Amino acid sequence: MLRLEPRTAAPWWLGIVSPVMAVVATMIVGGLLFALMGFDPVASIRTIFWDPLFGPAAGYSRPQLLVKAGPLILIASGLAIGFRAGIWNIGAEGQYIIGGICGAAVALAAYPAEGFWIFPAMVLAGAAGGWAWGMIPAILRNRTGASEILVSLMLVYVAQRVAAWMAFGPMRNPEGFGMPGSRNLQQYPPASNPELIAGTGIHWGVIAAALAVLATWFLMSRHIRGFRIRVAGLAPRAARFAGVRPETLVAFCLGLSGALAGMAGLFEVAGPGGQITDSFGSGYGFTAIIVAFLGRLHPLGILLAGLLMALTYIGGELAQLMLSLPAATVQVFQGMLLFFLLAFDTLTRYRLRWGTAR
Amino acid sequence: MCGHRNRLTYEKDNGDGVTTSELFRADGLAKSYPGVRANDNVSFSVAPGEIHALLGENGAGKSTLVKMIYGLVRPDQGRMMLGGQLHAPADPRAARASGVGMVFQHFSLFDALTVAENIALGMDSPPPRADLSRRITEVSAAYGLPLNPARRIASLSAGERQRVEIVRCLLSNPRLLIMDEPTSVLTPQEAEILFATLRQLAAQGTSILYISHKLDEIRTHCDCATILRQGRVVGTVSPAEHSARELAAMMVGAEMRLVDRSGRQAGEVVLTVAGLTSAAGLEGTALKNVGFQVRAGEILGIGGVAGNGQEELIAALSGETTGRPGTVVMDGRDLSSQGPEARRRAGLLAAPEDRLGHAAVPDMSLTENAILTGATRQGLQKNGILDHRAARSFAERIIAAFDVRTPGPGTAAGALSGGNLQKFVIGREILQEPRALVVNQPTWGVDAGAAAAIRQALLDLAGRGAAVVVISQDLDELLELSDRFAALNNGVLSPPVPTEGLTLEQVGLMLGGAHGMEVAHVAA
């Protein structure tokens, strides 16, 4: 019989090696999958992982890397803090959508006013919207003990309905010839979030993501609150003893991750997305969960994992275009990545043994 | 070498150095773990019908040794003989089959199931339930350990739960019964019942391997004691012929320090607890109108078997649970509604019983564990920003002042032995010079040397004018330390009485008398 036996001492470097091994295993198994489907595995993998950065069309796809990585990193930074404390916000996608709607609402209400205050006000509204959406599971957990996992997840679907309602109803572009969707904020300069340096893909959301990485690093490794968050995740009773009130912690973590997801939604709607449509949520909120774990819940790891995950998005699109691989490729890849990461993590903490003897 | 009061058979040495009068013999056993030589060339023997003590500090290798006998761990070197045959069990099932039974310190019983169901679960081939229930009743009555097989575990006291474990072993008629610190959860009266049972078993020829570091009970009840120190056998002696101090000295390898109680003067009232009532914690007991006062320079001992409200009491004092106004007052300041951090600022500190996961975070370094309670009082944070250098030097001060054996403050708390971590936890609070300190089971599972150091540190703290509350199951410890004594039983605290002149029997009655455990009929 095959058994898992805890390792007495796992070397520290296994924590870094295991995500790398997960990426390699994903490439190998993904290649096998493509081969079974009748595609050239080497060309497929190269199209997904190499061409977006160094291929013939890299000039177009390279800026996309930061455009996609920005929201992933911003959301994952917030999620990782909660995950460290054992508070599971699975509904960042919903907070992202509501943040985008709230931010867009400020812009649409102000239209066609001019003023430098409009964009900052949108950022604040986006963060507030995400925060409020995140506080719903927090309050329900603190008041009734409801699982924040289920509540936050279900609120994603509520948020998606709200987005559809907005796109067809209150936010529909009056000059849009009856088409669903709001005004395009890219065409309303005071409210738009443009590419700041041409050809890089950097917009305010990418800068916010970089700041979030620095801020969460500071919080978790230098600040007493981050210290207590880590204690709460490792030993909840010790956290209570140290003076952490679990209710406060739940509200802080869900509120913070909600606010960051809401900001990511705002930067998207004001920038690359441009408008609120019924399909505004594009899965960043869910992918960010994978980013957080792939990055070991560490800010620097999240930065790298966010870039890698953005690469699979762009590479997947490229593979669709160039090799006509199916559209689900990206999701299969991301799913495999998480699966292998969890598998290798298990193997870093346990060793496989045959038989029952010790 | 040993006086065998209960030994039934005396047989002659048969010439080749192996006496057939021994039931169990270990020869040159060795077991290493990464970085630790847990057992090194351990040899000893146990005669039939002998109560044989294994005595040693924490980390001396007692657990590893009995785990090898019980088939949980395989020795690297050496061999064991049981009843003249090679004893090399592959697993506990094989060990049980060859006649070894073991009662662990921590029970493995399902609360929701009955006594009979629990026993059936632990058997390799349980008989039909009706037969089993009858056997349980017979065996438990025969050995003075009355048990009702239909009762649910949840309704049993700690002593009764232990009976279930013992009866479970006895049903398989063991030749060698291993008991791991059996009296740590018992009141003195319950312990007396247990010893009567062990006597009876020994008289019938069962050998008992008895692990403990309570020197007095070993001196009174064991025929022979093998003393381990740092994985090696230091000697095998007849414990009745040595004083507790001599035994402790052999265990520790040096003369023990005597606790110094002098130089204390009770001053003004520091801590007042009144009308404290709380909800029950997990598997705990609700506090019912608990009240006491502690003066500066005074130690109040609170005795009682764990699970009678001890956890709830320390949570109510540390601030983990808050209470109605006026229930916890220090120096005239009402702290009842304040959390742990505010109470620390005011000078009320606490050290809970559970080192791993409550008083300390096992996966964090000692430096980080120093921050856990020292952050505010020791200035390890300024405006929320941690000062890691200050935290490290605070951790180093604790390590130096309390002789914590560890490679350094970067070591994870979980890597320390129980005694060392306990010294760190107690030291962390004492070095913060509290106005009042509450500790729960300060020396639980700690070896004699470390326990003496912790007790002395608590006395010194009181000597410097702090009010100290010691919650403990160890009555000797409470009588040694405290100026006044109170018993916490089923959530009710008895009025504190002066310790001076109090006998162990009186204390036992304060605790056990109200405990509601049926007194067994002990065969004289």
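Considering (1) open to solvent by 20 Å² or more (accessible area, probe 1.4 Å); (2) within 29 Å of A:I16 (Cβ to Cβ), say which one A:A328 fails and leave the rest.
Result: A:A328 fails condition (2) only.
Only residues that are open to solvent by 10 Å² or more (accessible area, probe 1.4 Å), within 21 Å of B:N383 (Cα to Cα) and more than 7 Å from chain B (Cβ to nearest Cβ): list them for the range A:217-241, please.
Those that are open to solvent by 10 Å² or more (accessible area, probe 1.4 Å), within 21 Å of B:N383 (Cα to Cα) and more than 7 Å from chain B (Cβ to nearest Cβ): A:W217, A:F218, A:L219, A:M220, A:S221, A:R228, A:R230, A:A232.
Yes/no per residue for (1) open to solvent by 20 Å² or more (accessible area, probe 1.4 Å); (2) over 12 Å from B:A351 (Cβ atoms); (3) touching a residue at least 40 places away in the same chain (Cβ under 8 Å):
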residue: B:A391; (1), (2), (3): no, yes, no
residue: B:W444; (1), (2), (3): yes, no, yes
residue: B:R455; (1), (2), (3): yes, yes, yes
residue: B:A467; (1), (2), (3): no, yes, yes
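Out of the residues in the range B:363-389 that are open to solvent by 40 Å² or more (accessible area, probe 1.4 Å) and at the interface with chain A (Cβ under 7 Å from one of its Cβ atoms), which is nearest to B:I399 (Cα to Cα)?
The residue in question is B:D363.
Given (1) closer than 24 Å to B:P340 by Cα; (2) more than 10 Å from chain B (Cβ to nearest Cβ); (3) surrounded by 24 or more Cβ atoms within 10 Å (Cβ to Cβ), where does A:P246 come up short, assuming only one miss?
Failing condition for A:P246: (3).
Out of all the residues in the range B:286-313, which are surrounded by fewer than 19 Cβ atoms within 10 Å (Cβ to Cβ) and either at pLDDT below 85 or part of a loop (DSSP other than H, G, I, E, B) (or both)?
B:A286, B:K288, B:N289, B:G307, listed by residue number.
Restricting attention to the range B:314-335, which residues are crowded, with 19+ Cβ neighbours inside 10 Å, away from chain A (no Cβ under 14 Å) and not β-branched (V, I, T)?
Of everything in the range B:314-335, those that are crowded, with 19+ Cβ neighbours inside 10 Å, away from chain A (no Cβ under 14 Å) and not β-branched (V, I, T) turn out to be B:G323, B:M330.
Just to be sure, is A:G15 surrounded by 12 or more Cβ atoms within 10 Å (Cβ to Cβ), within 14 Å of chain B (Cβ to nearest Cβ) and touching a helix residue (DSSP H, G or I) at 6+ places or on another chain (Cβ under 9 Å)?
Yes, satisfied.
Just the residues that are under 25 Å from the mean Cα position of the chain (by Cα), closer than 19 Å to B:L458 by Cα and surrounded by fewer than 24 Cβ atoms within 10 Å (Cβ to Cβ), please, taken from the range B:336-362.
Of everything in the range B:336-362, those that are under 25 Å from the mean Cα position of the chain (by Cα), closer than 19 Å to B:L458 by Cα and surrounded by fewer than 24 Cβ atoms within 10 Å (Cβ to Cβ) turn out to be B:E353, B:D354.
Could you list, in sequence order, the residues of the range B:89-110 that are without any contact (Cβ under 8 Å) to a residue 60 or more places away in the chain and not small (G, A, S)?
Within the range B:89-110, B:P89, B:D91, B:P92, B:R93, B:H106, B:F107, B:L109, B:F110 meet the criteria.
Listed here are the residues, each with its yes/no results for (1) within 14 Å of chain B (Cβ to nearest Cβ); (2) without any contact (Cβ under 8 Å) to a residue 40 or more places away in the chain; (3) open to solvent by less than 10 Å² (accessible area, probe 1.4 Å); (4) more than 16 Å from the chain's Cα centre (by Cα).
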residue: A:A191; (1), (2), (3), (4): no, no, yes, yes
residue: A:G205; (1), (2), (3), (4): no, no, yes, no
residue: A:F280; (1), (2), (3), (4): no, no, no, no
residue: A:G295; (1), (2), (3), (4): no, no, yes, no
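Among the residues of the range B:160-191, which ones are polar (S, T, N, Q) and either part of a helix (DSSP H, G or I) or over 18 Å from B:I51 (Cα atoms) (or both)?
B:Q162, B:S172, B:T183, B:S184, B:T187, B:Q189
Residues are listed down the side, and each one gets a yes or a no for (1) in contact with a Pro (Cβ under 7 Å, 6 or more places away or on another chain); (2) modelled with pLDDT under 90; (3) of a type in the set (A, V, I, L, M):
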site: A:M1; (1), (2), (3): no, yes, yes
site: A:L4; (1), (2), (3): no, yes, yes
site: A:T8; (1), (2), (3): yes, yes, no
site: A:W12; (1), (2), (3): no, yes, no
site: A:P19; (1), (2), (3): no, yes, no
site: A:V24; (1), (2), (3): no, no, yes
site: A:I28; (1), (2), (3): no, no, yes
site: A:F34; (1), (2), (3): yes, yes, no
site: A:G38; (1), (2), (3): no, yes, no
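Being open to solvent by 30 Å² or more (accessible area, probe 1.4 Å), at pLDDT 90 or above and closer than 28 Å to B:Q200 by Cα, is that true of even one residue in the range B:16-34?
Within the range B:16-34 (the criterion being open to solvent by 30 Å² or more (accessible area, probe 1.4 Å), at pLDDT 90 or above and closer than 28 Å to B:Q200 by Cα), the answer is yes, since at least one residue qualifies.
As an exercise: evaluate B:E353 against (1) assigned to a helix (DSSP H, G or I); (2) modelled with pLDDT under 95; (3) within 26 Å of B:A400 (Cβ to Cβ) and give the number of the one condition it does not meet.
So the condition that B:E353 fails would be (1).
Taking interchain pairs and intrachain pairs at least six residues apart, which have beta carbon atoms under 7 angstrom, with the first residue in the range A:107-131 and part of a loop (DSSP other than H, G, I, E, B) and the second modelled with pLDDT under 95?
Close Cβ pairs (under 7 Å, with a partner that is modelled with pLDDT under 95) amount to A:Y111/A:R183; A:Y111/A:Y188; A:E114/A:P190; A:G115/A:P190.
Are there any pairs with C-beta distances below 7 angstrom linking a residue in the range B:271-285 that is part of a strand (DSSP E or B) to a residue that is modelled with pLDDT of 90 or more and loosely packed, with under 13 Cβ neighbours inside 10 Å, with the two at least 6 apart or on different chains, and if so which?
From residues that are part of a strand (DSSP E or B), the pairs are B:G275/B:N289.
Contact list please: Cβ distance under 8 Å, first residue in the range A:141-161 and touching a residue at least 60 places away in the same chain (Cβ under 8 Å), second residue open to solvent by less than 100 Å² (accessible area, probe 1.4 Å) and of a type in the set (K, R), pairs at least six apart or on different chains.
Going by the 8 Å Cβ cut-off, the qualifying pairs are A:E148/A:R141; A:V151/A:R141.
Scan the range B:110-135 residue by residue and report those that are surrounded by 15 or more Cβ atoms within 10 Å (Cβ to Cβ) and at pLDDT below 85.
B:G122, B:P126
Is one or more of the residues making up the range A:316-325 part of a loop (DSSP other than H, G, I, E, B), open to solvent by 40 Å² or more (accessible area, probe 1.4 Å), free of Cβ contacts under 8 Å to residues at least 40 places away in the same chain and under 20 Å from A:L32 (Cβ atoms)?
Scanning the range A:316-325, I find at least one residue that is part of a loop (DSSP other than H, G, I, E, B), open to solvent by 40 Å² or more (accessible area, probe 1.4 Å), free of Cβ contacts under 8 Å to residues at least 40 places away in the same chain and under 20 Å from A:L32 (Cβ atoms), so the answer is yes.
Which members of the range B:124-147 meet the condition of being within 27 Å of the chain's Cα centre (by Cα) and in a loop (DSSP other than H, G, I, E, B)?
Listed by number, the residues that qualify are B:Y143, B:G144, B:L145, B:P146, B:L147.
Given (1) of a type outside the set (F, W, Y); (2) more than 14 Å from the chain's Cα centre (by Cα); (3) open to solvent by less than 60 Å² (accessible area, probe 1.4 Å); (4) at pLDDT below 95, identify the lone condition not met by A:L254.
Condition (4) is where A:L254 drops out.
The values are calculated or read from the model by the stated rules, or taken from the named source; none is laboratory data. Nothing here was measured: the structure is a model prediction, and the numbers come from that model. Positions of Cβ are backbone-derived with ideal geometry, glycine not excepted, and every protein chain shown enters the neighbour counts. Surface accessibility is based on the protein's heavy atoms, side chains included, excluding ligands, DNA and RNA. Shrake-Rupley method; radii C 1.70, N 1.55, O 1.52, S 1.80 Å.
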